[in-house]
Amino acid sequence: MKILVCIKQVPDLESRFKPNASNTWFDEADLAYRMNEYDEYAVEQAVQLREECGDSSDLTVLSIGPDRVVEAIKKALAMGCDRAVHIQDQAVSSRDPWQIASIISAYAREHKFDLIFTGMQSQDRGSAQVGAMLAELLGVSCATTVVGFSCKDNVVTAKRELEGGVKGVMRMKTPALVTCQLGLNIPRYPTLPNIMKAKKKEIIALPVADLLKEESLAKTTSFHPPAKKGGGLLVEGDIADQVDKVLALLKEKTAVLR
Amino acid sequence: MDLELTEEQKLIQETARDFANGELEPVAAQLDQGGDRGPLLANLKKLAELGFMGLNVKDAHGGSEAGVVAFSLAMTEIARVCASTAVTVSVNNMVCEVIQAVGTEEQKKAYIPKICSGEYAAGSFGLTETCAGSDPSGMCTQAVKDGNHYVLNGSKIFITSAPYAGVFVVWAVTDKQAPKGKGISCFLVEAGTPGLIIGKEEHKMGQHASATNELIFDNCRIPESAMMGKPNDGFRIAVAELAGGRIGIGSLGLGVGLAAMDYATRYANERVQFGQKVSSFQALQWMIADAYTELEAARLLLMNAACRKEAGKSFAKEASMAKLFATESANRACYTAMQMLGGYGYTRDFPIERYTRDARITSIYEGTSEIQRLIISREILKNLG
Ligand SMILES: Cc1cc2nc3c(=O)[nH]c(=O)nc-3n(C[C@H](O)[C@H](O)[C@H](O)COP(=O)(O)OP(=O)(O)OC[C@H]3O[C@@H](n4cnc5c(N)ncnc54)[C@H](O)[C@@H]3O)c2cc1C
């Protein structure tokens, strides 16, 4: 079984973000980076599958970005991926999901992976499009927002999380792609010996120009913090009146009383 | 010159931080209250499985072979959340390193993998005695040769992890006639050896989850092969290995100091008095500036000592400087942090009082600040000839 897991390196969410000079993304200077949380679930699931299948399987981790993403790649290698592909791209943050999916598909198409894992979305951009688009570009089955996964005899059973806590179970033949949701598993901590040994694993570096053939379909026109809201809503009147007004508001604007 | 960490070092730091926040943080305050050590031992086991007990130990012996810088980073991250766990990890690493440095191949095989894998919850370092603290060469515990055995008699005090250690590195006098420090040898004593008695546990100010006990030798017979290094060379071994341990304790102190200041700074940025955040008062801003400047200097001293050790250069003076400055800065940082929280800092509802109690011992154990100054000045004066 040939397995691919796609990961993104994102800024630590504790960081303070400010827009960059062109107002199209955040300023990347002085940010601390780590693996996108959703992708940790993807890597863990891929590694578990790799371990189940044993040596007949092969697990590649792929990431697009500047040199700094090698740190996230090495974490995935330390968690148990066999090899890595680093698609070198200084301008990764300016790409829309269509371009990212196209780049990955250009690589994945010729390598014929049986299973592809991605995160459900990235913590920074949060478009949740790349996995689904990639499946479409490759013409393979796809299940998104997966919270349960198994694979037997080339059939994937994926439990999906739907709105309001409802779950759905899907079955699909490989080749297939799943996008992983929080709670799918408990990602392992990489062990220190494995972090050190990951140094010896192969990281294939490919320039993005070799794989990127598509123009972006959607352009970011502005990027800014939300405008400061006014002073909130003041509910007035006698107590009974106030309660009625608050109840009406909660019914109209929120889901808590439905 | 490059002060950037390698990718591996960053990942080890991240793993230590994630583990500390995920596994240590939920139990740290509860462990400080004393009582059941179950959660401590469970976390030590997990830390061992991840490779934190032999950071600077060779892969062939079951270590992580990650180096001294990584050791320092890991200690700081663990101590940011639980100093008791951190000191246990630091001593375990030191015990592994002593055995790696002077043990025979058999001794290395017998004990290092057991500490690294977590089969032993801990290893202990048994040097201090009631009459021999800052001056360990004044120790009284004796090892007398009897056929192909040594018989140990005497006692040790303040031995970290003694109740759950699987093996003890122990120093004892083998030649009473020799000049001071020239008649001490180093031994490995397994837990459960008849005549090895774990004595009373100290009631301490802080670091409650880490046990500190008396150790008694009552005609404790150990095989001749339990000696580590050459006969009567034990004091030199202790001095050399303590230098490495000081990088661990300095890094631990740094972690506690950072935890206190990070908490206090966030707090001051929310607490309102006189209609404004207290962080808007210059008095607190200067506290923040001074404490973080000291902690940053401590970090750089620690990195310097760790890099020198990793590069195989002399590092005893640098390790002492780093331990002295980091642990004293950590103590000041905790007091500053408490001041910034006002009365709340003094209560158990906030973590600063725990950090303050935990930090206090760091400028005492593994050589007091006075002893560090003695080592540093001796090294400097030595060069004048
Ligand atoms: C919680 C805890 C854990 C410990 N863990 C261990 C352990 O695992 N293994 C182990 O072997 N030991 C351990 N120790 C012992 C520790 O290392 C000693 O307590 C420390 O080295 C100081 O020795 P002392 O307590 O006898 O103080 P003393 O040596 O009696 O010192 C008293 C005072 O005199 C000062 N002083 C002494 N000599 C000089 C000098 N020449 N010049 C200037 N000032 C001087 C000291 O700095 C100190 O201020 C531990 C101690 C504690 C409290």
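Condition check ((1) more than 17 Å from B:Gly248 (Cβ to Cβ); (2) touching a Ser or Thr at 6+ places or on another chain (Cβ under 7 Å)) across all residues:
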position	(1), (2)
B:Glu294	yes, yes
B:Asn304	no, no
B:Ala311	yes, no
B:Ser314	yes, no
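For region B:1-28, the candidate set comprises residues that are in a loop (DSSP other than H, G, I, E, B) and modelled with pLDDT of 95 or more; within that set, the residue that is farthest from the chain's Cα centre (by Cα) is B:Thr6.
Applying the criterion of being touching a helix residue (DSSP H, G or I) at 6+ places or on another chain (Cβ under 7 Å) and more than 23 Å from B:Ser369 (Cα to Cα) to the residues of region B:226-249, the residue that is surrounded by the most Cβ atoms within 10 Å (Cβ to Cβ) is B:Met228.
Residues in region B:29-57 that are assigned to a loop (DSSP other than H, G, I, E, B) and buried (at least 23 other Cβ atoms within 10 Å of the Cβ): B:Gly51, B:Phe52, B:Met53, B:Gly54, B:Leu55, B:Asn56, B:Val57. Restricting to region B:129-154, name every residue that is within 12 Å of the ligand (Cβ to nearest atom) and either open to solvent by 40 Å² or more (accessible area, probe 1.4 Å) or within 14 Å of chain A (Cβ to nearest Cβ) (or both). Passing the criteria: B:Thr130, B:Cys131, B:Gly133, B:Ser134, B:Asp135. Taking region B:44-71 as the range and being more than 10 Å from chain A (Cβ to nearest Cβ) and over 17 Å from the mean Cα position of the chain (by Cα) as the test, the residues that pass are B:Lys45, B:Lys58, B:Ala60, B:His61.
The residue that is nearest to B:Gly229 (Cα to Cα), among those in region B:105-128 that are open to solvent by 60 Å² or more (accessible area, probe 1.4 Å) and in contact (Cβ under 8 Å) with a residue 12 or more places away in the chain, is B:Glu106.
In this structure, does A:Ser102 turn out to be open to solvent by less than 20 Å² (accessible area, probe 1.4 Å) and not in a loop (DSSP other than H, G, I, E, B)? I'd like the intermediate steps shown before the answer.
On the way: open to solvent by less than 20 Å² (accessible area, probe 1.4 Å): yes; not in a loop (DSSP other than H, G, I, E, B): yes.
Yes.
Of B:Val102, B:Val98, all but one fail to be farther than 20 Å from B:Glu49 by Cβ, of a type in the set (Val, Ile, Thr), away from the ligand (no atom under 14 Å from the Cβ) and in the same structural domain as B:Ala42 (by TED's automatic domain parsing); the exception is B:Val102. Of the set (1) away from the ligand (no atom under 13 Å from the Cβ); (2) surrounded by 16 or more Cβ atoms within 10 Å (Cβ to Cβ); (3) more than 14 Å from every other protein chain (Cβ to nearest Cβ), all apply to B:Gly206 but (1).
The values are calculated or read from the model by the stated rules, or taken from the named source; none is laboratory data. Note that the coordinates shown come from a computational prediction; the quantities given were computed from them, not determined experimentally. All Cβ positions, even for glycine, are placed from backbone atoms using ideal geometry, and neighbour counts span all protein chains on display. Heads up: the accessible areas ignore ligands, DNA and RNA and are worked out on the full protein's heavy atoms, side chains in. Shrake-Rupley method; radii C 1.70, N 1.55, O 1.52, S 1.80 Å.
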